[in-house]
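Peer 1: Below: one structure in structure tokens.
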Amino acid sequence: MTKTLFVTGGSRGIGEAVVRRAAGKYNVVFTYRANRELAEKLERELGSLGVVAVCCDVRDETSVKRAVEFAKKRFGKIDVLVNNVGVSKSGLLVDMDEGEWDDVFDVNAKGAFLTSKAVLPDMLSARRGAIVNVSSIWGQVGASCEVAYSASKAAVIGFTKALAKEVAPMGVRVNAVAPGAVDTDMMKEYSQCEIEDICKEIPLGRLARPEEIADAILFLVENEYITGTTLAVNGGWHTLCD
């Protein structure tokens, strides 16, 4: 029976790459919140391969439950969860207000909690399943002017390690990926000169392609003896950031 993969934030960037890589091998349900046009376009393109979009706000438990129930009604079960959706907020900590801080944590950390909580009961009953959380290099080493984002992504790593230990006896695996600089919309806040400077710091000399991160995510999904790990996919950049 074909397994079902549930991806949060799948209308663009890394999430879209996961959807495209998984299409045809898995049934895929991906969430979107604001990018309805992009989501519907992707669904039309890949729908014949078992790809379906659903609107969901990962900050809201009711919305998450509805999306998960939609996926289960469509395909019967959820075998894999990819907690991909994320937001960033750049700037000095002293200039950040409480609402901005809360929003970053609500999407990046609380979102992973709510979606994992929603899918885990069935995984635990089946005694198998996989969750992959998308963290960041900044969750590992921190970044100036990215304090909220770095802290939230570090929380995702801690969440991954702890949950992996909690559910491993029931056959459920939990891992994370920590991408470096990836050629997605998040990089649009940087000028071309700034991107070139970043690439000079990366030993492989370039940004990652979203597909390369997606491949790492699916590797963690499919290797059944890996759990509790955070896989750095950063072109060697961490060696200069540690």
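Peer 1: Restrict the check to region 32-52 and report whether at least one residue is closer than 25 Å to A126 by Cβ, small (G, A, S), modelled with pLDDT of 95 or more and surrounded by 23 or more Cβ atoms within 10 Å (Cβ to Cβ).
Peer 2: Within region 32-52, not a single residue is closer than 25 Å to A126 by Cβ, small (G, A, S), modelled with pLDDT of 95 or more and surrounded by 23 or more Cβ atoms within 10 Å (Cβ to Cβ).
Condition check ((1) under 22 Å from T160 (Cβ atoms); (2) free of Cβ contacts under 8 Å to residues at least 12 places away in the same chain; (3) not polar (S, T, N, Q)) across all residues:
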position: C55; (1), (2), (3): no, no, yes
position: V58; (1), (2), (3): yes, no, yes
position: E61; (1), (2), (3): yes, no, yes
position: S88; (1), (2), (3): yes, no, no
position: L92; (1), (2), (3): no, no, yes
position: E100; (1), (2), (3): no, no, yes
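Peer 1: Would you please name the residue that is farthest from the chain's Cα centre (by Cα), looking only at residues in region 1-26 that are crowded, with 22+ Cβ neighbours inside 10 Å, closer than 19 Å to L120 by Cβ and not hydroxyl-bearing (S, T, Y)?
Peer 2: That would be L5.
Peer 1: Something else about it: Could you check, for region 18-32, whether at least one of its residues is more than 27 Å from Y190 (Cβ to Cβ), out of contact with any Ser or Thr (no Cβ under 6 Å at 6 or more places or on another chain) and part of a helix (DSSP H, G or I)?
Peer 2: yes
Peer 1: For region 27-49, check the following and say yes or no: at least one residue is in contact (Cβ under 8 Å) with a residue 24 or more places away in the chain, among the acidic types (D, E) and farther than 19 Å from E222 by Cα.
Peer 2: no
Peer 1: If only one of G99, G129 is out of contact with any Pro (no Cβ under 6 Å at 6 or more places or on another chain), surrounded by fewer than 16 Cβ atoms within 10 Å (Cβ to Cβ) and modelled with pLDDT of 95 or more, which one is it?
Peer 2: Values: G129 fails: surrounded by fewer than 16 Cβ atoms within 10 Å (Cβ to Cβ).
Being out of contact with any Pro (no Cβ under 6 Å at 6 or more places or on another chain), surrounded by fewer than 16 Cβ atoms within 10 Å (Cβ to Cβ) and modelled with pLDDT of 95 or more holds for just one of G99, G129, which is G99.
Peer 1: For T227, indicate whether it is in contact with a strand residue (DSSP E or B) (Cβ under 8 Å, 6 or more places away or on another chain), in contact (Cβ under 8 Å) with a residue 60 or more places away in the chain and part of a loop (DSSP other than H, G, I, E, B). Before you say what the answer is, go through the steps one by one.
Peer 2: Values: in contact with a strand residue (DSSP E or B) (Cβ under 8 Å, 6 or more places away or on another chain): yes; in contact (Cβ under 8 Å) with a residue 60 or more places away in the chain: yes; part of a loop (DSSP other than H, G, I, E, B): yes.
Here the answer is yes, as T227 does meet what is asked.
Peer 1: Another question, if that's okay. Would you check which residues across region 105-126 are over 26 Å from G171 (Cβ atoms) and crowded, with 23+ Cβ neighbours inside 10 Å and list them?
Peer 2: Across region 105-126, the qualifying residue is only N108.
Peer 1: Could you identify the single residue in D215, D242, D185 that is over 20 Å from N108 (Cα atoms) and modelled with pLDDT under 95?
Peer 2: Residue meeting the stated conditions: D242.
Peer 1: Another question about this same structure. Looking only at region 184-200, filter to residues that are surrounded by fewer than 16 Cβ atoms within 10 Å (Cβ to Cβ) and within 29 Å of K161 (Cα to Cα); which one of those is farthest from the chain's Cα centre (by Cα)?
Peer 2: Filtering first and then ranking leaves M187.
Peer 1: I'd like to check which strands (runs of 3 or more DSSP E) are fully inside region 40-146 and have at least 3 residues that are β-branched (V, I, T) and out of contact with any His (no Cβ under 8 Å at 6 or more places or on another chain). Can you show your working first?
Peer 2: Numbers: elements: 51-55, 80-83, 129-134.
It comes to 51-55, 129-134.
Peer 1: Considering only region 141-169, state which residues are of a type in the set (S, T, N, Q) and under 14 Å from the mean Cα position of the chain (by Cα).
Peer 2: Restricting attention to region 141-169, the residues satisfying the condition of being of a type in the set (S, T, N, Q) are 144, 150, 152, 160.
Those that are of a type in the set (S, T, N, Q) and under 14 Å from the mean Cα position of the chain (by Cα): S152, T160.
The values are calculated or read from the model by the stated rules, or taken from the named source; none is laboratory data. Every value quoted in this text rests on a predicted model; they were computed, and no experiment measured them. All Cβ positions, glycine included, derive from the backbone under ideal geometry; neighbour counts span all protein chains shown.
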